[in-house]
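Undergrad: Sharing a structure here in structure tokens format.
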Amino acid sequence: MTAQPPRVVKSPTREEMREAFDLYTAAVGRVAHAWNYLHEELARLFARIVGSYDYDIQHSVALAVWHSSFNDRAQRSMLEAAIKAASGDPAWTRLPMGAREDLLWLIERTHRLGDKRDEAVHAPCALLVDHDGSAMAANILSGHRRARTLTGKELLTEFDWLERYIEALNRYAYGAYLALITDNAPWPQKPAVPDRKPRKALQGQLRRLPLE
């Protein structure tokens, strides 16, 4: 039997390295932007629940309280406390009985995604090169706990899913805000968890990374 020559790992060109890096940073940036936008919607909910829906002194004070914290989980905890204490708000009487519980569900789901957002933003990543090509991957050699969580995952797919999930919660938060400030806006339906199939724009840019 003739021995097969070893497969040669081809080094990526400078252009390929730049493309992989640009795709990765763009995906991280979209996650960060969606996350920030969601928290702006949560801020509006907080201002409505503890103050007024008009842009008056109460609204400004409520937003000042919200932005006094530099920790978004602490901000969500303030919103949770406000929802639980707001039973006397007449707006609840025209909304579904489970409206307040739905908002608490929104906060809980956002808490869950907080870790995944932190993985996307804080995990050290590097260009992985193997027989299948090259792509950005979690840098397991760093020993960083966020990198360990992302080991073996296709980052573009993971971040695309996370962005779409955050955007779905953002739309839900906006719908709830509208229902709180107007008499004729319907209460929104809870969004389903998005599937893991990436958007068509990404499908030609993906390469499945090895698990080990």
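Undergrad: So which residues in segment 78-114 are free of Cβ contacts under 8 Å to residues at least 12 places away in the same chain and not small (Gly, Ala, Ser), if there are any at all?
TA: Pro90, Trp92, Thr93, Met97, Glu101, Glu108, Arg112
Undergrad: Just to be sure I understand, how many residues within segment 106-121 are more than 21 Å from Ala81 (Cα to Cα) and polar (S, T, N, Q)?
TA: 0
Undergrad: Being among the aliphatic types (A, V, I, L, M) and at pLDDT 85 or above: is that true of Ile140 here?
TA: The answer is no for Ile140.
Undergrad: Within segment 197-204, identify whether any single residue is within 27 Å of Arg73 (Cβ to Cβ) and free of Cβ contacts under 8 Å to residues at least 24 places away in the same chain, and answer yes or no.
TA: No, the conditions are met nowhere in segment 197-204.
Undergrad: Please tell me if Ala123 is modelled with pLDDT of 90 or more, in contact with a Ser or Thr (Cβ under 8 Å, 6 or more places away or on another chain) and not acidic (Asp, Glu).
TA: When the stated conditions are applied, Ala123 passes them.
Undergrad: Does Lys197 satisfy being charged (D, E, K, R), at pLDDT 90 or above, out of contact with any strand residue (DSSP E or B) (no Cβ under 6 Å at 6 or more places or on another chain) and exposed (fewer than 15 other Cβ atoms within 10 Å of the Cβ)?
TA: Criteria not met by Lys197.
Undergrad: Something else: Identify the residue in segment 15-39 that is in contact with a helix residue (DSSP H, G or I) (Cβ under 7 Å, 6 or more places away or on another chain), at pLDDT 95 or above and of a type outside the set (A, V, I, L, M, F, W, C) and, among all such residues, is farthest from Leu156 (Cα to Cα).
TA: The extreme case among them is His39.
Undergrad: How about segment 40-65: which of its residues are closer than 23 Å to Arg171 by Cβ and at pLDDT 90 or above?
TA: Glu40, Glu41, Leu42, Ala43, Arg44, Leu45, Phe46, Ala47, Arg48, Ile49, listed by residue number.
Undergrad: List the pairs whose first member sits in segment 169-187 and is farther than 16 Å from Glu40 by Cα, whose second member is among the acidic types (Asp, Glu), and whose Cβ atoms are under 8 Å apart, counting only residues at least 6 apart or on separate chains?
TA: Trp187/Asp102
Undergrad: Let me ask you something else. With respect to Ala120, is the statement that it is closer than 27 Å to Ala32 by Cα and more than 21 Å from the chain's Cα centre (by Cα) true?
TA: no
Undergrad: Hey, another quick one. Looking at (1) of a type in the set (Phe, Trp, Tyr); (2) buried (at least 16 other Cβ atoms within 10 Å of the Cβ); (3) within 20 Å of Val50 (Cβ to Cβ), can you tell me which one Phe159 breaks?
TA: Every listed condition holds for Phe159 apart from (3).
Undergrad: Out of Arg73, Arg18, Arg94, Arg100, report the one residue that is surrounded by 14 or more Cβ atoms within 10 Å (Cβ to Cβ) and basic (Lys, Arg).
TA: Answer to the selection: Arg100.
The values are calculated or read from the model by the stated rules, or taken from the named source; none is laboratory data. Remember, predicted model here, so these are calculated numbers, not experimental data. Glycine also receives a Cβ, built like all others from the backbone with ideal geometry; neighbour counts cover every protein chain displayed.
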